[in-house]
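Undergrad: For reference, the structure I am asking about is given below.
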Amino acid sequence: MTNKIAIALALAIAALFAVDAFYLNGELPLFLGRKFAELIEYVAFWR
């Protein structure tokens with residue numbers, strides 16, 4: 001991954017969280033955290 005791609009990806013993610021915070025009541029980080037916890041449990045099951 002080049003630096004340009006990494007910076008563009010970081011800016012896109014930051015913009016997504018900013019739009020969520022200002023327009024969508026800021027529930028995206030909580031949703032992503034819950035889904036990540038579910039993914040960890042699913043992966044641990046297959047271990």
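Undergrad: Which members of region 22-47 meet the condition of being in contact with a helix residue (DSSP H, G or I) (Cβ under 8 Å, 6 or more places away or on another chain) and assigned to a helix (DSSP H, G or I)?
TA: Within region 22-47, L28, P29 qualify.
Undergrad: So the check is Cβ under 8 Å with 6+ separation or different chains; which pairs have a first residue in region 21-45 that's free of Cβ contacts under 8 Å to residues at least 40 places away in the same chain and a second one that's surrounded by 10 or more Cβ atoms within 10 Å (Cβ to Cβ)?
TA: Qualifying pairs under 8 Å: G26/D20; E27/D20; L28/L16; L28/F17; L28/D20; P29/F17; P29/D20.
Any read-out appearing in this document is the output of simple, stated calculations on the displayed coordinates, not a laboratory observation. None of these values were measured; they are calculated from a predicted model. Note: ideal-geometry Cβ built from the backbone for every residue, glycine included; neighbour counts use all protein chains shown.
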